[in-house]
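The values are calculated or read from the model by the stated rules, or taken from the named source; none is laboratory data. If you're wondering where the values come from, they're calculated on a predicted model, not measured in any experiment. Note that each Cβ is placed from the backbone with ideal geometry, even for glycine, and that neighbours are counted across all protein chains shown. Surface accessibility is based on the protein's heavy atoms, side chains included, excluding ligands, DNA and RNA. Shrake-Rupley method; radii C 1.70, N 1.55, O 1.52, S 1.80 Å.
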Amino acid sequence: MSFNTFGHMFRVSTWGESHGKALGCVVDGCPPGITFTKDEIQFYLDKRRPAQSKYTTQRREPDQVKILSGVLPEGDGLITTGAPVSMIIENIDQRSKDYSDIARKYRPGHADYVYDVKYGLHDYRGGGRSSARETAARVAAGALARRVIPRVVIRGAVIAIGPHEIDRNYWDWDEVDRNPFFSPDARTVKIFSDYLDDVRKKGSSAGAVIEVVAEHVPAGLGAPLYGKLDQDIVSGLMSINAVKGVEIGEGFSVAKLQGEENADEMRIDTDGSPIFLSNHAGGILGGISTGQLIVARFAIKPTSSILIKQRSIDADHREIDIATYGRHDPCVGIRAVPVGEAMIACTIADHFLRQRGQKGCA
């Protein structure tokens with residue numbers, strides 16, 4: 001199985017399975033001299049960690065990161081040497097027996113069938129590489145990427161769960177860390193809670209939409225045509241398991257606008273620098289950053305593992321009914337917030353290093 005690596009200058013390879021002994025990442029191309037602490041990596045892993053509320057899987061993984069290579073001690077922390085940085089996260093709460101009765105059955109919405117078609121087998125124990133568990137490694141890599149671009153602030157929030165959306169008039173970034181839904185609108189917390197309680201009781205699941213905003217991204221990152229910054233952001237976000245749609249800026253809503261409504265007009269600020277009067281483009285024009293906020297949204301499908309019986313087939317092409325037991329997120333989109341942040345951090349760090357290599361500065 002190839003294609004476990006993304007990025008060009010800041011290259012991330014992830015490895016490991018949901019029910020293997022461990023998973024992790026190797027970051028190749030991280031510049032030497034980047035200082036960080038293990039706690040800075042752990043901070044973001046803790047945001048993604050399961051079993052922090054009844055609205056996520058109750059699989060209890062501490063997700064404690066260990067840094068194996070590419071660093072030297074530096075004061076109270078570490079400093080990168082320029083060699084590949086390898087990080088490992090051990091799995092300690094696997095229950096593979098929960099999946100033994102579906103070893104040859106294809107779960108609707110899962111990758112079981114297509115993995116069997118492509119590779120001749122599939123890892124039925126939680127989905128293997130197709131499991132959301134793989135994203136822990138991306139979050140570790142994203143935490144390191146943030147140290148490559150320390151001026152850039154990257155924050156994410158859940159803006160919709162099922163049919164319920166936040167009210168942007170009440171957006172408060174501080175609120176995101178005060179509730180289990182990563183919602184920036186305090187008024188939606190009870191709405192999301194009541195909705196997911198009902199979904200859980202039915203044995204079903206729900207989807208979500210996440211918005212990620214990157215602030216203080218310098219203008220000029222990205223390249224025309226086949227090296228566009230938004231192209232790579234979309235690719236990175238779409239690579240997250242369970243993502244089915246990505247948009248930048250106004251996204252699909254631009255189809256409802258007319259030219260004068262969509263264009264981001266410009267003026268000269270009091271300090272003589274150019275400013276944009278709006279940001280429909282989401283901070284990227286022609287594949288190159290404008291210096292404005294980069295805004296991306298992605299949609300996560302409902303968790304495929306549900307208790308409700310569904311029609312399917314097995315590996316012998318017999319028709320069956322199947323329900324999936326075990327521990328699963330009723331809304332896996334909730335824990336996708338730090339994952340989306342990580343993918344955008346890695347992408348911007350990659351383009352930052354490309355710019356520095358191409359122009360000698362960034």
Report relative contact order for the chain in percent, whole number only (criteria: Cα-Cα under 8 Å, sequence separation at least 6). 22
Taking only DSSP H segments of four or more residues, each worth -39500 (n - 2.57), what value at 222 nm results for the chain once the sum is divided by all its residues, to the nearest 500 deg cm²/dmol? -7000 deg cm²/dmol
Tell me which of Ala342, Ile294, Tyr170 sits at the most positive position along the dipole axis of the chain, charges placed on C-beta atoms (Lys, Arg +1; Asp, Glu -1). Ala342
With +1 on the Cβ of every Lys and Arg and -1 on the Cβ of every Asp and Glu, the dipole magnitude of the stretch 321-362 about its Cα centre, in debye rounded to the nearest 20, is 340
Just need log10 I(q)/I(0) for the stretch 263-333 at q = 0.19, 0.20, 0.23 Å⁻¹, Debye formula, equal scatterers on the alpha-carbon atoms, no solvent, rounded to two decimals. -0.85, -0.90, -1.04
If you fit an axis through the alpha-carbon atoms of helix 38-48 and take the longest principal axis of the Cα set of the chain, what angle between them do you get, 0 to 90°, nearest 10? 60
Quick one: the Cα spread of the stretch 110-159 along its three principal axes, in angstroms, biggest first? 46, 27, 17
If you filter the stretch 117-187 for chymotrypsin sites (Phe, Trp or Tyr not before Pro), then keep DSSP loop positions with at most 10 other Cβ within 10 Å, what is left? none
Translational D (Stokes-Einstein, µm²/s) of the stretch 225-362 at 37 °C and 0.692 mPa s when Rh comes from the Kirkwood sum over C-alpha pairs? 180
Here are several values of mean projected area of the Cα convex hull in nm²: (1) 23.6; (2) 20.2; (3) 18.8. Which one was derived from the coordinates shown? (2)
With no solvent and one equal point scatterer placed on each C-alpha of the stretch 172-237, evaluate the Debye formula and give log10 I(q)/I(0) for q = 0.15, 0.16, 0.26, 0.29 Å⁻¹, two decimals. -0.70, -0.75, -1.14, -1.25
Which values of log₁₀ I(q)/I(0), to two decimal places, follow from the Debye formula for the stretch 320-361 at q = 0.23, 0.28, 0.29 Å⁻¹ with a uniform point scatterer at every Cα? -0.81, -0.92, -0.94
Taking the Cα centre as origin and putting +1 on Lys and Arg beta-carbons and -1 on Asp and Glu beta-carbons, what dipole magnitude results for the stretch 289-351, to the nearest 20 debye? 200
Accessible surface, the chain, averaged per residue in Å² (probe 1.4 Å): 48
About its Cα centre, how strong a charge dipole does the chain have in debye, to the nearest 20, once Lys and Arg get +1 and Asp and Glu get -1 at the Cβ? 1120
Quantify, in whole percent, the carbon and sulfur part of the accessible surface of the chain (1.4 Å probe; protein heavy atoms only). 52
